[in-house]
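Down below is the structure, laid out as structure tokens.
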Amino acid sequence: MLSQREPIRLAPFLDLIVVWNRGISYGLFQQDSEFGRWALVAVSVVAGIGLSLWIRRAPNPLVAAALGLIVGGALGNAVDRVAYGAVFDFIHFHVGSFSWYVFNIADAAIVAGVVGLLYDALVLERRRPRPAKP
């Protein structure tokens, strides 16, 4: 079991370690109450529904895939909150004295989805042909 042998060093820059995150991204807005827990579950579900509606109108496959990653990550973290009362984070990147936040696969999916949306908006959008002005 991970919690009995932690941290487990996988590489000089990567460990597995147990962190129970009761907040949102990067440990912000920590919630110790049941109300806070269920409020975060509700926010995740509402965001998942809203983003799922956006997927139906996505202008291209990249945007749809990026939104799908965000929805999957948000709902994955919501499942952790329902089942355990907190999100199970376990991946820890670090280099020298720099330490990145501990995160999980759902968090990585959310970040990848955001990167996809940013790439589409900032890079691909500029390359798309503009309609001719009359």
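The values are calculated or read from the model by the stated rules, or taken from the named source; none is laboratory data. The shown structure was predicted, so the numbers you read here are calculated from the model rather than taken from an experiment. Every residue, glycine as well, gets a Cβ built from its backbone with ideal geometry; the counts of neighbours run over all protein chains shown. What goes into the accessible areas is simple: the full protein's heavy atoms, side chains included, and nothing from ligands, DNA or RNA. Shrake-Rupley method; radii C 1.70, N 1.55, O 1.52, S 1.80 Å.
Does region 59-75 contain any residue that is out of contact with any Cys (no Cβ under 6 Å at 6 or more places or on another chain), touching a residue at least 24 places away in the same chain (Cβ under 8 Å) and not in a helix (DSSP H, G or I)?
yes
Given the structure, is residue 60 open to solvent by less than 60 Å² (accessible area, probe 1.4 Å) and within 30 Å of residue 5 (Cα to Cα)? Please lay out each step first, then the result.
Values: open to solvent by less than 60 Å² (accessible area, probe 1.4 Å): yes; within 30 Å of residue 5 (Cα to Cα): no.
When the stated conditions are applied, residue 60 does not pass them.
Considering each residue of region 77-112, count those that are under 27 Å from residue 124 (Cβ atoms), buried (at least 17 other Cβ atoms within 10 Å of the Cβ) and touching a residue at least 24 places away in the same chain (Cβ under 8 Å), and give that number. I'd like the intermediate steps shown before the answer.
So in region 77-112, the residues under 27 Å from residue 124 (Cβ atoms) come out as 103, 105-112.
In the following step, the residues that additionally are buried (at least 17 other Cβ atoms within 10 Å of the Cβ) were identified as 103, 106-107, 109-110.
Right, trim to touching a residue at least 24 places away in the same chain (Cβ under 8 Å) and you get 106-107, 109-110.
Going through region 77-112 one residue at a time, the tally reaches 4.
For residue 88, are the conditions met, namely being farther than 23 Å from residue 36 by Cβ and assigned to a strand (DSSP E or B)? Spell out the reasoning first.
Working: farther than 23 Å from residue 36 by Cβ: no; assigned to a strand (DSSP E or B): yes.
When the stated conditions are applied, residue 88 does not pass them.
Restricting to region 1-24, and then to whatever is at pLDDT below 85 and surrounded by 12 or more Cβ atoms within 10 Å (Cβ to Cβ), can you tell me which residue is farthest from residue 78 (Cα to Cα)?
Going through the qualifying residues, I end up with 6.
Return the residues of region 59-91 that are within 15 Å of the chain's Cα centre (by Cα) and not aliphatic (A, V, I, L, M); say none if nothing qualifies. Working first, answer last.
Of all residues in region 59-91, those within 15 Å of the chain's Cα centre (by Cα) come to 65-81, 86-91.
Across region 59-91, the qualifying residues are 68, 72, 73, 76, 77, 80, 81, 88, 89, 90.
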